[in-house]
2 protein chains.
Amino acid sequence: MDTGRLRTWPVMEAYISKRKEKIGRFLAEVLSGRAEQLKTVHQLGEQLCGKLVDFTLKGKMLRGGLVAVGYELYAGSNDSITVPLGAVQELFQSALLIHDDIMDRDLSRRGAPSLLGHYVSFARERGLRDAYHTGESLSICAGDIAYFFAFEIFSGIPLENTLKSRLLFLCARELTYVGAAQMVDVLWGADNDAVSLEEIINMYTYKTARYTYALPLVAGAMAAGAPNGEIAALELLGSRMGVLFQIKDDELGLFGDEEKLGKPVGSDIRERKKTLYHHYLMSDPDTKSRERTVSIFGSERLSGDDVGFIRNRVRELEIQQKIDKLVADITDKAEQEIRRLDCSTHGKEFLEQLLSYNSARVR
Amino acid sequence: MDTGRLRTWPVMEAYISKRKEKIGRFLAEVLSGRAEQLKTVHQLGEQLCGKLVDFTLKGKMLRGGLVAVGYELYAGSNDSITVPLGAVQELFQSALLIHDDIMDRDLSRRGAPSLLGHYVSFARERGLRDAYHTGESLSICAGDIAYFFAFEIFSGIPLENTLKSRLLFLCARELTYVGAAQMVDVLWGADNDAVSLEEIINMYTYKTARYTYALPLVAGAMAAGAPNGEIAALELLGSRMGVLFQIKDDELGLFGDEEKLGKPVGSDIRERKKTLYHHYLMSDPDTKSRERTVSIFGSERLSGDDVGFIRNRVRELEIQQKIDKLVADITDKAEQEIRRLDCSTHGKEFLEQLLSYNSARVR
């Protein structure tokens, strides 16, 4: 799968993990202060603060790290801005995942109970009425609170007024797109209709790509005072990188290592996610195989045999090759865009590494 | 029930309805522009914008109006600030209600389908799998998007930097309290434990009071440059007014007019809301009556007889009188606080009317 490309990214990996450490420390400190305050409402609020820190720290913190990348493409490092702005992105991500897990009924995430899983267990242990729904409701609140913390932290970032308002607009507007794309994801997961390649890429763009790569890169670059032309170029580049990220996510979801991923392989099938694999499998020329595929997607009791069948059919129909070709096309365009950027050579090398990271990551 | 108090509030009513008109026009304009953009994701996003305008316009828009009240206590009218800041409060409120309706499984709100009701019907009509859950999931997204629109609109309000950041902090922090209090509401609705008077008032304070009255009044006053001492006084006053508002809400929920309220009388009982009525009924000295009360609260199939029994027990135990005494105490304190404020006489008269509005409103 894209064997010619660079397979190591030591600089990028070390960089992101250093950012993760800083953002994690910052978040833990801010939220432990907030825990004290929310205690005046109820201990549920206090406990949530700790849960949110743990949950957020379990992620890769790619988004939070990318804020500093975007900033440092155009200026020197500046933790007083990139750490809180990174923390904001990470809290957005946590909030999105918390609500996403309710929609997908995922009781675990990142190898541990999801917030939904936690609150459903909490409700069951206390013998609460309608425990599952009570757990869902508490998780809706938890996700909402994570968003509010994000905006609260944003309010304290030391930025000049016009820039700060522009950044707030950028984040909030992007989240409306993510929300709308999430609605599409819900809709698609609830019917059997085939979806076109174009629609899938559009959905990937708004649900994951722009928000995972373009938003943090652009936010960082904007905070560093990058010119508008560069902002527009980074937005496009980030969007492409994000689509690649999502396509890799789908591959890992079907062929990856459960332990490394922290989620069961095949959950995309059970949740009837309309991935590129789904798209190509729906045009399986063999009617019997296609019918079996249709019956497997969305099945509540997915067996190992079912997953094996799908994997096998992906191989037989050479679907991975088609996807790899798409990936190569997008990667080429992204590489051209990186070259055209008006930032430091070091910055370009870093973005190159980031691009290659996608084709080789295992979680 | 508080017959001694002023029963008319023509100035306030006219004022709030004029604000509602302005905020409604502003929201409709902003969201129709956003509908065009969200269409690029999917028509679900486009349609939601219209739904959000309709839903928000069905409310009283008290919170949005109170922003201008707070502002005009300390400065002349300034629509360029108070209209968008009012719209922000109203979108917060819509988002909260959208998520609240999921938690309470309310398919209608304000005399029309709730967003949950709308999306569940949508899912059923389209024959989507697991229609109720699909409707819930779409509503979670809808509420999230309403929050994001609120913060997006906030970003465009023309305010000086320190003040704008302070206001953003104020709103976001208050919402974290609302979220935590909502968790308590969910928890209490799922068990049979009795709750103390103090705990109930504390919950009312954070779930409704501060956010409905204190937040918009303080936000408006802050935007107008009111001194810190006045801000603190308004916060306390708003919190008391909000507690009165919630207590009245409970009364209307048990004794009000379904048509005017736009929701079925008795829903608080079905949802096992721990209101002041619930608190006093739980110490019913008659064991048999208390047992029947316990069996009625939280009952899925609430009959007219059940509601009649509860109403009757409230009368026999003179619970309304106890609540009225509490209301009178809080009202007295609020009146003293109004007198101590350092704003115009006209402003004080207006706040007096606002206070009296609570004891007489029917929806």
Sorted largest first, the Cα spans of region B:143-214 on the principal axes come out in Å as 48, 25, 14
Chain A residue with Cβ closest to the axis mapping A onto B, distance in whole Å
A:N161, 2
Rg/Rh of region B:30-128 (Cα atoms, Kirkwood Rh), to two decimals, equals 1.06
Using a label point 7 angstrom from Cα along Cα-to-C-beta, what distances in nm, from shortest up, separate A:A232 from the other copies?
5.2
Helix-only estimate, please: 222 nm mean residue ellipticity of chain B, summing -39500 (n - 2.57) across DSSP H runs of length 4 or more and dividing by its residues, to the nearest 500.
-24500 deg cm²/dmol
Just tell me how shielded A:132-142 is by partners: mean number of partner chain Cβ atoms within 10 Å of each residue's Cβ, no decimals.
6
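Given Cβ point charges of +1 (Lys, Arg) and -1 (Asp, Glu) and nothing else, what value in debye, to the nearest 20, does the dipole of region B:146-250 about its Cα centre take?
With only Lys, Arg, Asp and Glu charged at Cβ, the dipole is about 400 debye.
Using unit Cβ charges (K, R positive; D, E negative) and no other charged atoms, how large, in debye to the nearest 20, is the dipole of region A:10-360 about its Cα centre? Let's see the in-between values first.
Numbers: 43 positive and 51 negative charges, 96 e Å.
The dipole of region A:10-360 has a size of about 460 debye.
Where a ≥ b ≥ c are the square roots of the eigenvalues of the C-alpha gyration tensor, would you call region B:133-257 rounded, which needs a/c under 1.5, or, failing that, prolate if a/b is larger than b/c, or oblate? Don't skip to the end; give the middle numbers.
Numbers: a/c = 2.25, a/b = 1.29, b/c = 1.75.
It is oblate, given that a/c is not under 1.5 and a/b is not larger than b/c.
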In vacuo Debye scattering of the protein assembly as shown, one point per C-alpha: log10 I(q)/I(0) at q = 0.05, 0.08, 0.11 Å⁻¹?
-0.26, -0.65, -1.19
Which value, to two decimals, describes the C-alpha radius of gyration of region A:75-197 once divided by 2.2 N^0.38 Å?
1.29
Given the options B:W188, B:Q353, B:Y277, identify the residue whose Cα lies farthest towards the positive end of the charge dipole of chain B (+1 on Cβ of Lys, Arg; -1 on Cβ of Asp, Glu).
B:Q353
Region A:243-352: which GluC sites (Glu not before Pro) are DSSP loop and have at most 13 other beta-carbon atoms within 10 angstrom?
A:E300, A:E318
Of A:S303, B:T176, B:L341, whose Cα points farthest to the positive end of the dipole of the protein assembly as shown (charges on the beta-carbon: +1 Lys, Arg; -1 Asp, Glu; origin at the Cα centre)?
B:L341
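Strictly over 23 Å apart at the Cα level, which of B:K207/B:K333; B:K18/B:K333; B:K260/B:K333 would you flag in this model?
Working: B:K207/B:K333 21 Å; B:K18/B:K333 29 Å; B:K260/B:K333 30 Å.
From the list (B:K207/B:K333; B:K18/B:K333; B:K260/B:K333), the Cα-Cα distance tops 23 Å for B:K18/B:K333; B:K260/B:K333.
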Furthest towards positive pole of dipole, B:F148, B:L138, B:P158, structure part region B:121-162, Cβ charges
B:L138
To the nearest 0.05, the calculated FRET efficiency linking A:S303 and B:S344 through their beta-carbon distance, R0 being 60 Å, is 0.20
To the nearest Å, what is the center-to-center distance of region A:201-254 and region B:134-150, using C-alpha atoms only?
23
Considering only the label points, 7 Å along Cα→Cβ from Cα, what distances in nm to one decimal separate A:A75 from the same position in each other copy, shortest first?
2.8
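About its Cα centre, what dipole magnitude does region B:93-193 give when the only charges are +1 on Lys and Arg Cβ and -1 on Asp and Glu Cβ, stated in debye to the nearest 20? Let's see the in-between values first.
Details: 9 positive and 14 negative charges, 72 e Å.
Here region B:93-193 has a charge dipole of around 340 debye.
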Tail weight of P(r) past 31 Å, computed on alpha-carbon pairs of region B:10-360, percent
36
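Going through region A:152-203, which GluC sites (Glu not before Pro) have at most 16 other Cβ atoms within 10 Å and a DSSP loop state? Before the final figure, lay out the partial values.
Working: sites: A:E152, A:E160, A:E174, A:E198, A:E199; in loops: A:E160.
Answer by residue number: A:E160.
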Label point distance in nm, A:M282-B:A112, each placed 7 Å from Cα along Cα→Cβ
3.3
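With respect to the cross-link table entries B:K20/B:K58; A:K22/A:K60; A:K58/A:K325; A:K60/A:K248; A:K39/B:K325; A:K58/A:K164, which display a Cα-Cα separation exceeding 21 Å?
A:K58/A:K325; A:K39/B:K325; A:K58/A:K164
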Please list, ordered by chain and number, the residues whose modelled amide H lies under 5 Å from the amide H of A:S108; skip anything fewer than 5 residues away on the same chain.
A:S114
Every other copy gets compared here: list the nm distances from the B:R292 label point (7 Å along Cα to Cβ) to its counterparts, shortest first, one decimal.
6.4
Translational D (Stokes-Einstein, µm²/s) of region A:214-363 at 37 °C and 0.692 mPa s when Rh comes from the Kirkwood sum over C-alpha pairs?
191
Shielding by partners, peptide B:197-204 (average Cβ within 10 angstrom, other chains):
1
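Every number in this text was worked out from the coordinates using simple rules, so none of it is lab data. On a predicted model such as this, the values are computed, not experimentally measured, just so you know. All Cβ positions, even for glycine, are placed from backbone atoms using ideal geometry, and neighbour counts span all protein chains on display.
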